[in-house]
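Participant: One structure, as structure tokens, below. Some questions next.
The values are calculated or read from the model by the stated rules, or taken from the named source; none is laboratory data. Predicted model only: the values in this text are computed from it and were never measured. With ideal geometry, Cβ positions are generated from the backbone for all residues, glycine too; neighbour counts draw on all protein chains shown.
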Amino acid sequence: MKLCGLVSTLLICLVGVSFVDSLAVMSVDLGSEWMKIGIVSPGVPMEIALNKESKRKTPAVISFRDNARLFGEDAQTVGVRFPKQAYIYLLDLLGKNINHPLVKLYQKRFPYYEIVEDPDRGTILFKHDDENLYSPEELIAQLLVKAKEFAENGAHQPIKECVLTVPGFFNQVERRALLQAAELAGLKVLQLINDYTAVALNYGIFRSKSFNETSQYVLFYDMGASSTTATLVSYQTIKTKERGYVETHPQASVLGVGFDRTLGGLEIQLRLRDYLAKKFNEMKKTKNDVFNNPRSMAKLFKEAGRLKNVLSANAEHYAQVEGLLDEQDFKLIVKREDMESLIEDLMERVGKPVEQALKTAHLTIDVVNQVVLVGAGTRVPKVQENLQKAVRQDLAKNLNTDEAATLGAVYKAADLSTGFKVSKFITKDAVLFPIQVTFQRETEDGIKQVKRTLFGLMNPYPQKKIITFNKHTDDFSFNVNYAELDYLPDSEILNMGSTNLSEYKLSGVADALKKNTGDNIETKGIKAHFAMDDSGLLNLVNVELVVEKTILPTEEEEGTLSKLGSTFSKLFGGEEEKPVEEKPVEEKETEDKPVEKENDEKQSGSTKESVKKPKNGTSAKNATEKEAPKDLKPKVVTVREPIKASEEVLSINVLNKMQFIESAEKIKKLNKIEKEINRRATALNNLESFVIDIQNKLYEDEYSQAGTEEEIEKIKTTCSEISEWLYEEGSEADAETYEKKSDDLHTLTKELFSRVWEHKERPEALKALHSMLNHSTHFLTSAKNLTKTTNPEKDIYTDVEIESLEKLINETTDWEEKVVKEQNELKKYEPVKLTVKMLMDKMAALDREVKYLVNKIKLWRPKKIEKPVEEKNENGSSTDKNDTSDNKENVIINEESIASEEPAANEETVETPEPENISEINPTTTEESKDSHSEL
């Protein structure tokens with residue numbers, strides 16, 4: 001049983017190894033300033049992927065310089081010297097035209113970028129040089145490619161699936177632009193998750209046991225680099241019945257959200273930058289104005305960021321920049337009070353998002369159990385001071401402000417993927433921007449514009465909605481746009497951009513109505529099905545004409561079987577219906593039906609079996625009396641006729657097919673260039689390192705003694721030549737040249753290194769062979785007592801098997817003595833006669849022979865000996881008929897007595913070795929391990 005369990009476990013492990021290649025998933029918290037990557041893979045639950053500097057977060061910066069593309073800190077370094085060639089704070093530029101307020105603000109903050117309009121889409125492009133233009137989607141896609149690389153290095157396997165965090169205030173256009181950037185990066189996005197929802201999930205999964213049916217309210221205050229968000233979340237347990245039985249799960253519901261898109265650490269840093277620039281000009285160290293020098297302003301921007309972080313923990317600090325302008329150094333002591341005086345107006349806005357979040361949730365601050373800080377901007381003491389005044393309670397700092405969203409998003413990624421099994425934690429997000437449908441309808445007073453709210457403010461999603469048009473008899477169109485946004489400040493409404501989303505044109509309406517007209521048909525209207533998915537994206541699922549058709553039963557439908565047969569024949573066209581006189585559809589003078597949830601509608605293809613009044617006043621009763629017996633009722637079938645709908649985007653279009661292909665090719669080309677650059681750098685480093693390594697080793701005795709004088713001298717000369725070449729004309733060589741020289745050098749030193757390795761490893765290999773010979777000899781001694789000749793009762797082995805093992809042991813012993821003697825007589829630089837491989841082959845032969853005999857003893861069972869026939873004598877006692885002993889002693893021999901027979905004191909026994917750790921295998925855990933999913 002133990003052996004079977006071990007085999008089963010090994011098979012399960014093998015199956016698991018082949019399956020985990022596609023298991024790993026990732027999350028990317030792509031912020032304005034930083035990006036953090038989370039990974040989940042087998043054996044690595046919820047971890048932050050490190051970048052090449054082994055840091056947990058990477059600056060969201062990309063630069064292009066001298067045909068080289070750099071990311072993160074390397075790109076930041078380029079940005080200080082060449083600001084125009086390093087692109088920063090890109091997230092806020094997605095899905096915006098050149099006249100957008102946030103684009104204008106970006107140009108004001110960073111005037112050295114040349115931003116032009118995309119003539120096809122109306123969006124923006126960065127003009128890098130005369131030949132290259134980059135869109136925000138292309139730049140962000142390249143950042144995501146690098147994030148994918150970091151994640152794959154951390155997980156040690158390819159990754160395709162991910163969850164991306166997105167600011168909750170991102171509208172439909174911005175979300176679609178981010179999804180397209182991810183598609184350009186070759187990522188499959190499982191979901192876009194709002195950053196505050198990811199934070200709430202991370203907070204909840206570690207405290208799920210403390211939740212109950214009573215709601216607990218937590219306010220998350222997140223001040224990041226470019227924006228601030230306040231989110232009110234309720235935690236409680238709810239009961240679900242998704243699997244057919246009642247389960248209790250924790251749930252986090254977003255109740256209210258407030259935000260400020262321009263309040264963040266970036267604005268504080270910019271004001272410090274301008275303050276330092278002003279002070280430098282006042283020093284009159286040069287006639288030139290520092291504000292007019294992009295490189296100097298970039299240096300001050302970097303210093304302002306460092307100063308902001310230091311002043312958050314210290315009362316004062318020196319700001320200093322070497323060679324700021326015209327080779328003049330700059331040094332200035334800055335106090336925390338100086339920084340706070342620069343941002344007084346910003347601090348007045350700190351409490352506004354909290355007020356807005358409570359207002360949209362229709363709750364007061366008194367119900368909030370805890371206020372949790374998130375985001376690096378909340379580390380500023382003045383921010384905490386003003387926030388505490390707004391919430392009137394202590395601030396909790398028990399959450400990792402940098403990584404909470406990343407870890408929450410990667411938990412969601414593991415939940416959505418098919419390769420992991422996680423504890424269920426339900427999240428319910430909410431709509432920040434109400435969406436409505438508008439259309440025109442003819443009335444007696446003329447054309448009237450009708451508005452119907454599709455998704456109201458703070459409606460939970462994912463959710464499906466249906467809007468019914470019951471007054472249209474011909475092709476028409478309707479618009480989808482944002483509803484009233486009066487609850488937002490005027491500045492935030494402007495930041496929304498266009499409030500019109502799409503226009504949908506329906507065609508084929510008249511034909512569909514004509515096709516479904518008659519006395520027995522009642523029109524239920526044209527229904528448009530909308531869905532708000534988990535990513536917060538609105539989609540028109542389908543449009544259909546819904547009619548109810550009354551089917552009258554015939555007189556033959558008297559029995560159950562005849563009724564079923566008639567129903568099937570009518571539904572599948574087996575029997576023609578009697579023609580019904582067609583009459584025009586009369587339009588009722590009723591308002592268009594309000595929006596309803598889709599789960600209130602019957603599913604497509606369902607049939608209703610209830611009595612309905614046919615149209616035009618004919619009662620179902622009269623119709624039934626004429627054509628069918630009184631006890632039979634008419635059938636009502638719901639018919640759904642699809643209506644074609646075409647969409648025209650009224651805001652910013654995503655990249656079309658040709659534009660997407662062009663962008664993908666551009667990124668592919670850049671990836672190839674970067675790959676070649678990395679390949680060349682790697683080849684150069686490997687060659688330099690190998691040359692230095694060889695030169696150092698040739699001075700060691702074990703290497704100098706293992707080669708002839710000519711061989712050592714040749715290697716030294718070659719290394720010197722390569723070293724000189726590297727520092728002269730070889731400095732500009734390509735990767736292929738470096739790799740070829742490295743291969744030639746490896747070939748030249750191969751024999752020397754091989755001899756050194758053989759001399760170094762041989763003693764350990766001989767020691768292992770001696771050990772195996774000793775164990776084999778002891779086993780042979782024991783096995784000799786288990787043959788038919790020596791022990792008839794335990795004839796496990798044949799004499800031939802024993803002789804074969806003994807012969808192999810003797811031959812191996814003799815061979816070892818001979819070759820060891822021959823090898824010891826050789827010089828170290830002479831060709832090796834006794835290699836490690838020879839020793840391994842001998843050990844393998846011994847191992848095979850011994851294993852065969854060990855397996856045989858495992859399978860051996862004692863022969864069954866039948867009990868002798870017993871006869872009763874005259875006095876009633878039983879005697880053995882075969883017993884010839886004088887004392888007539890009863891002897892009963894059976895299989896059990898043989899199996900449990902104890903050996904004599906001087907008898908040698910053979911013990912069957914157990915596989916390693918076989919005693920640790922538990923059958924129950926083996927069954928559980930059959931699940932190939934990793935558990936978090």
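Participant: Restricting the search to region 505-528, which residues are without any contact (Cβ under 8 Å) to a residue 40 or more places away in the chain and within 12 Å of H472 (Cβ to Cβ)?
Facilitator: If the condition is that a residue be without any contact (Cβ under 8 Å) to a residue 40 or more places away in the chain and within 12 Å of H472 (Cβ to Cβ), then A510 is the only one that fits.
Participant: Looking at region 797-813, which of its residues are surrounded by 18 or more Cβ atoms within 10 Å (Cβ to Cβ) and not in a helix (DSSP H, G or I)?
Facilitator: Within region 797-813, just Y797 meets the criteria.
Participant: Let me ask something else. Identify, please: which residue in region 455-493 is more than 16 Å from V257 (Cβ to Cβ) and of a type in the set (V, I, T) and is, among those, modelled with the lowest pLDDT?
Facilitator: Checking each candidate, the answer is T473.
Participant: Just to be sure, is K359 surrounded by fewer than 17 Cβ atoms within 10 Å (Cβ to Cβ) and free of Cβ contacts under 8 Å to residues at least 60 places away in the same chain?
Facilitator: no
Participant: A follow-up question, please. Are any residues in region 141-174 touching a strand residue (DSSP E or B) at 6+ places or on another chain (Cβ under 7 Å) and within 27 Å of N500 (Cα to Cα), and if so, which ones?
Facilitator: Correct list: L164, T165, V166, G168, F169, Q172.
Participant: In addition: Output yes when any residue across region 816-831 is among the acidic types (D, E), surrounded by 12 or more Cβ atoms within 10 Å (Cβ to Cβ) and not in a helix (DSSP H, G or I), and no when none is.
Facilitator: The answer is yes; a qualifying residue exists.
Participant: Within region 354-376, track down each residue that is assigned to a strand (DSSP E or B) and within 17 Å of S253 (Cβ to Cβ).
Facilitator: Q370, V372
Participant: Quick one: count up the residues across region 269-305 that are within 16 Å of V334 (Cβ to Cβ) and in a loop (DSSP other than H, G, I, E, B).
Facilitator: Matching residues across region 269-305 total 1.
Participant: In addition: Right, T777: assigned to a helix (DSSP H, G or I), over 28 Å from I692 (Cβ atoms) and β-branched (V, I, T) or not?
Facilitator: yes
Participant: Give the residues of region 459-483 that are part of a loop (DSSP other than H, G, I, E, B), out of contact with any Lys or Arg (no Cβ under 7 Å at 6 or more places or on another chain) and farther than 25 Å from L192 by Cβ, sorted by residue number.
Facilitator: Within region 459-483, H472, T473, D474, D475 qualify.
Participant: Same structure again: Among the candidates S41, S27, which residue alone is assigned by TED's automatic domain parsing to the domain that holds L144, under 26 Å from L190 (Cα atoms), modelled with pLDDT of 95 or more and among the hydroxyl-bearing types (S, T, Y)?
Facilitator: Being assigned by TED's automatic domain parsing to the domain that holds L144, under 26 Å from L190 (Cα atoms), modelled with pLDDT of 95 or more and among the hydroxyl-bearing types (S, T, Y) holds for just one of S41, S27, which is S27.
Participant: Within region 380-403, can one find any residue that is of a type in the set (G, A, S), farther than 19 Å from Y217 by Cα and part of a helix (DSSP H, G or I)?
Facilitator: No, region 380-403 contains no residue that is of a type in the set (G, A, S), farther than 19 Å from Y217 by Cα and part of a helix (DSSP H, G or I).
Participant: Same structure, new question: Six or more apart or on different chains, Cβ atoms under 7 Å: show the pairs whose first residue is in region 734-745 and in contact (Cβ under 8 Å) with a residue 12 or more places away in the chain and whose second is among the β-branched types (V, I, T) and assigned to a helix (DSSP H, G or I).
Facilitator: Cβ pairs passing all conditions: K741/I722; L745/T718; L745/I722.
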